[in-house]
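Peer 1: One structure, as structure tokens, below. Some questions next.
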Amino acid sequence: MNSTVFKDKLLQIQSNMLNFAVMLTSNRDDAYDLLQDTTLKALDNEDKYTDNTNFKGWVFTIMRNIFINRYRHNTKFNAQLADADDIYNMPISTSDSLGESPEGSFAMQDLERAIDRFTVQYSKPFKMHLAGYQYAEIAEEMHLPVGTIKSRIYYARQKLRVILKDYSL
């Protein structure tokens, strides 16, 4: 199938895609975002579509997978936030919204200064953990066992609790 035909078929099912997106998200704004992401993903993967395949089903599968991946990500992220009982357990990075307010900016600076006081054996795995790396990825990067990495991150959290006790929620 040539690119023009592919794009025409994709445009023809936009209203069906929007209806499906609304059904999945139950929110019109989120549905438009999902529609746009699906359209872009379909266009990016045009070469993976094979002729004589249900085009609408192929595109809807892409949309469903994007929705499921977002749902899983949001569920995991929200669960981490719900489990966090203080600032030290929150999954934050230097680009998060914590630094957007003046108070958050000072809190972020205090947090970064406290982490920078640690020796590299504790600060590096902790910073990587805050950046979203998994324990196994950190262990591989530092050439250490996963248990050692978990211990160092735990130790760094405990030290932060003491250093930044004024920030407890």
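Peer 1: Looking only at residues in region 15-51 that are surrounded by 12 or more Cβ atoms within 10 Å (Cβ to Cβ) and hydroxyl-bearing (Ser, Thr, Tyr), which one is nearest to Met1 (Cα to Cα)?
Peer 2: The residue in question is Tyr49.
Peer 1: Of the numbered conditions (1) of a type in the set (D, E, K, R); (2) out of contact with any helix residue (DSSP H, G or I) (no Cβ under 8 Å at 6 or more places or on another chain); (3) at pLDDT below 90, Asp44 satisfies every one except a single condition; which is it?
Peer 2: So the condition that Asp44 fails would be (3).
Peer 1: For region 123-135, what are the residues that are assigned to a helix (DSSP H, G or I) and open to solvent by less than 60 Å² (accessible area, probe 1.4 Å)? Don't jump to the end; show me each part of the working.
Peer 2: Filtering region 123-135 down to residues assigned to a helix (DSSP H, G or I) leaves 123-130, 135.
Correct list: Ser123, Pro125, Phe126, Met128, His129, Leu130.
Peer 1: Pairs needed: first member in region 14-40, over 11 Å from Ile62 (Cβ atoms) and outside any helix (DSSP H, G or I); second member anywhere, open to solvent by 40 Å² or more (accessible area, probe 1.4 Å) and among the small types (Gly, Ala, Ser); C-beta distance under 6 Å; at least 6 residues apart or different chains.
Peer 2: Close Cβ pairs (under 6 Å, with a partner that is open to solvent by 40 Å² or more (accessible area, probe 1.4 Å) and among the small types (Gly, Ala, Ser)) do not exist here.
Peer 1: If you check Asp51 against the conditions, is it at pLDDT below 90 and part of a helix (DSSP H, G or I)?
Peer 2: Numbers: at pLDDT below 90: yes; part of a helix (DSSP H, G or I): no.
No; evaluated as a whole, the condition is false for this residue.
The values are calculated or read from the model by the stated rules, or taken from the named source; none is laboratory data. Everything quoted here is computed from the prediction, not taken from an experiment. Cβ: placed from backbone, ideal geometry, glycine included. Neighbour counts: every protein chain shown. Quick note on the areas: whole protein, heavy atoms, side chains included, nothing else; ligands and nucleic acids left out. Shrake-Rupley method; radii C 1.70, N 1.55, O 1.52, S 1.80 Å.
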